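J.: Provided herewith is a single structure, encoded as structure tokens, for subsequent inquiry.
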Amino acid sequence: SQTIHQWPATLVQPVGSPLSLECTVEGTSNPNLYWYRQAAGRGLQLLFYSVGIGQISSEVPQNLSASRPQDRQFILSSKKLLLSDSGFYLCAWSGDARSYNEQFFGPGTRLTVL
Amino acid sequence: AQRVTQPEKLLSVFKGAPVELKCNYSYSGSPELFWYVQYSRQRLQLLLRHISRESIKGFTADLNKGETSFHLKKPFAQEEDSAMYYCALSGRSSNYKLTFGKGTLLTVNP
């Protein structure tokens, strides 16, 4: 069966430090991958999505970047964190581009920037 | 641009009472609508999708294109229904990416 992992589960980082959050999927090939930020009262905001290795689409301008070095690995990064980067980050995957293949979410990473 | 509106941030009902979580959308074309749910300390997961026309855990949702709504309903709420509910929209014009509403936190009181 398919599973999705995210780590770390929680992270506290100082302003200006780099960031690397990792997401991996098991049990499927060539998934679509997504990074969301979930904020209370603001819902889920799609940050990046990828339909294949090295293919990244950014949805909103921001201080973050994403990479997909392997088929089932998706990384969210920043060179210098801002206070406003604090939040709950969710990774998700889906079978293909058609929406009726539902998205499956990871457990999330709680990032606090101090 | 596509948009999903969930007008209620919080909804509180008593066990056994009917519940309706509202969702309105804006989309040019034929949308695909979903309800996702996040129970306490669990992952966000799909509850139901309009294309399946199914009832899950007693919940149903009907797509009303005239009113551009996809409200989630359950005739008799249970305490275990307490969760955060997100309405989501997708379609061809957005390359089938999901657009989520801001969510409604449902609390079912005993």
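J.: From the residues in the range A:60-73 that are in a loop (DSSP other than H, G, I, E, B) and touching a strand residue (DSSP E or B) at 6+ places or on another chain (Cβ under 9 Å), which one is nearest to A:Thr24 (Cα to Cα)? Steps first, please.
T.: Narrowing the range A:60-73 to residues in a loop (DSSP other than H, G, I, E, B): A:60-64, A:71-72.
The next check asks that each one be touching a strand residue (DSSP E or B) at 6+ places or on another chain (Cβ under 9 Å); those that pass are A:60, A:62-64, A:71-72.
Values: A:Val60: 23, A:Gln62: 23, A:Asn63: 22, A:Leu64: 18, A:Asp71: 9, A:Arg72: 5 Å.
Within the range A:60-73, the match that is nearest to A:Thr24 (Cα to Cα) is A:Arg72.
J.: Right, here's the next one. Out of all the residues in the range A:21-28, is one or more within 14 Å of chain B (Cβ to nearest Cβ) and either crowded, with 20+ Cβ neighbours inside 10 Å or modelled with pLDDT of 90 or more (or both)? Step through it out loud before you land on a result.
T.: Within the range A:21-28, the first condition is being within 14 Å of chain B (Cβ to nearest Cβ), and the residues that meet it are A:23, A:25.
Still in the list and also either crowded, with 20+ Cβ neighbours inside 10 Å or modelled with pLDDT of 90 or more (or both): A:23, A:25.
Checking the range A:21-28: at least one residue is within 14 Å of chain B (Cβ to nearest Cβ) and either crowded, with 20+ Cβ neighbours inside 10 Å or modelled with pLDDT of 90 or more (or both).
J.: Scanning the range B:83-110 for residues that are under 15 Å from the mean Cα position of the chain (by Cα) and of a type in the set (Gly, Ala, Ser), which turns out farthest from the other protein chains (Cβ to nearest Cβ)? Give the steps one after another, and end with the answer.
T.: From the range B:83-110, those under 15 Å from the mean Cα position of the chain (by Cα) are B:83-90, B:98-107; that's our starting set.
Checking which are of a type in the set (Gly, Ala, Ser) leaves us with B:83, B:88, B:90, B:101, B:103.
Working: B:Ala83: 14, B:Ala88: 8, B:Ser90: 4, B:Gly101: 6, B:Gly103: 5 Å.
For the range B:83-110, the residue satisfying everything is B:Ala83.
J.: Turning to a different aspect of this structure: Any residue at all in the range B:67-82 that's polar (S, T, N, Q), within 14 Å of chain A (Cβ to nearest Cβ), more than 16 Å from B:Arg49 (Cβ to Cβ) and touching a residue at least 12 places away in the same chain (Cβ under 8 Å)?
T.: Our first condition is that a residue be polar (S, T, N, Q); within the range B:67-82, this holds for B:68-69, B:78, B:82.
Now drop any that are not within 14 Å of chain A (Cβ to nearest Cβ), which leaves none.
The answer is no; no qualifying residue exists.
Matching residues to (1) open to solvent by 10 Å² or more (accessible area, probe 1.4 Å); (2) touching a residue at least 24 places away in the same chain (Cβ under 8 Å):
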site	(1), (2)
A:Ala39	yes, yes
A:Gly43	no, no
A:Tyr89	no, yes
A:Leu111	no, yes
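J.: Quick check on my filter: what residues within the range A:50-59 are within 14 Å of chain B (Cβ to nearest Cβ) and either among the β-branched types (Val, Ile, Thr) or assigned to a strand (DSSP E or B) (or both)? Can you show your working first?
T.: Step one: filter the range A:50-59 for residues within 14 Å of chain B (Cβ to nearest Cβ), giving A:50-52, A:55-59.
Scanning the range A:50-59 gives A:Ser50, A:Val51, A:Gly52, A:Gln55, A:Ile56, A:Ser57, A:Ser58.
J.: Give the residue, chosen from A:Leu76, A:Leu47, that is without any contact (Cβ under 8 Å) to a residue 60 or more places away in the chain, farther than 22 Å from B:Tyr85 by Cα, in a strand (DSSP E or B) and not aromatic (Phe, Trp, Tyr). Before you say what the answer is, go through the steps one by one.
T.: Details: A:Leu47 fails: farther than 22 Å from B:Tyr85 by Cα.
Going through A:Leu76, A:Leu47 in turn, just one is without any contact (Cβ under 8 Å) to a residue 60 or more places away in the chain, farther than 22 Å from B:Tyr85 by Cα, in a strand (DSSP E or B) and not aromatic (Phe, Trp, Tyr): A:Leu76.
J.: Looking for whichever is at pLDDT below 95 and surrounded by fewer than 13 Cβ atoms within 10 Å (Cβ to Cβ) here; the options are B:Lys57, B:Lys97. Which one fits?
T.: Working: B:Lys97 fails: surrounded by fewer than 13 Cβ atoms within 10 Å (Cβ to Cβ).
One residue alone meets the criteria, B:Lys57.
J.: Something else now. Might you let me know whether the range B:25-37 holds any residue that is within 14 Å of chain A (Cβ to nearest Cβ), farther than 26 Å from A:Val51 by Cα and in a loop (DSSP other than H, G, I, E, B)?
T.: For the range B:25-37, residues within 14 Å of chain A (Cβ to nearest Cβ), farther than 26 Å from A:Val51 by Cα and in a loop (DSSP other than H, G, I, E, B): absent.
J.: Six or more apart or on different chains, Cβ under 9 Å: which pairs go from a residue in the range B:46-58 that's within 15 Å of B:Lys74 (Cα to Cα) and part of a strand (DSSP E or B) to one that's modelled with pLDDT of 85 or more and open to solvent by 40 Å² or more (accessible area, probe 1.4 Å)? Could you list them?
T.: Qualifying pairs under 9 Å: B:Leu47/B:Ile56; B:Leu47/B:Lys57; B:Leu48/B:Ser55; B:Leu48/B:Ile56; B:Leu48/B:Lys57; B:Leu48/B:Thr60.
J.: Quick check, is B:Glu67 in a loop (DSSP other than H, G, I, E, B) and surrounded by fewer than 21 Cβ atoms within 10 Å (Cβ to Cβ)? Working first, answer last.
T.: Details: in a loop (DSSP other than H, G, I, E, B): yes; surrounded by fewer than 21 Cβ atoms within 10 Å (Cβ to Cβ): yes.
In short, yes.
J.: Being within 14 Å of chain A (Cβ to nearest Cβ), among the charged types (D, E, K, R), closer than 24 Å to A:Trp93 by Cβ and open to solvent by 50 Å² or more (accessible area, probe 1.4 Å) is true for just one of B:Arg49, B:Arg43. Which residue is that?
T.: On the way: B:Arg49 fails: open to solvent by 50 Å² or more (accessible area, probe 1.4 Å).
Criteria check complete, one pass: B:Arg43.
The values are calculated or read from the model by the stated rules, or taken from the named source; none is laboratory data. Keep in mind the model is a prediction, meaning the values are calculated, not measured. With ideal geometry, Cβ positions are generated from the backbone for all residues, glycine too; neighbour counts draw on all protein chains shown. SASA here: full protein model, heavy atoms, side chains in, ligands and nucleic acids out. Shrake-Rupley method; radii C 1.70, N 1.55, O 1.52, S 1.80 Å.
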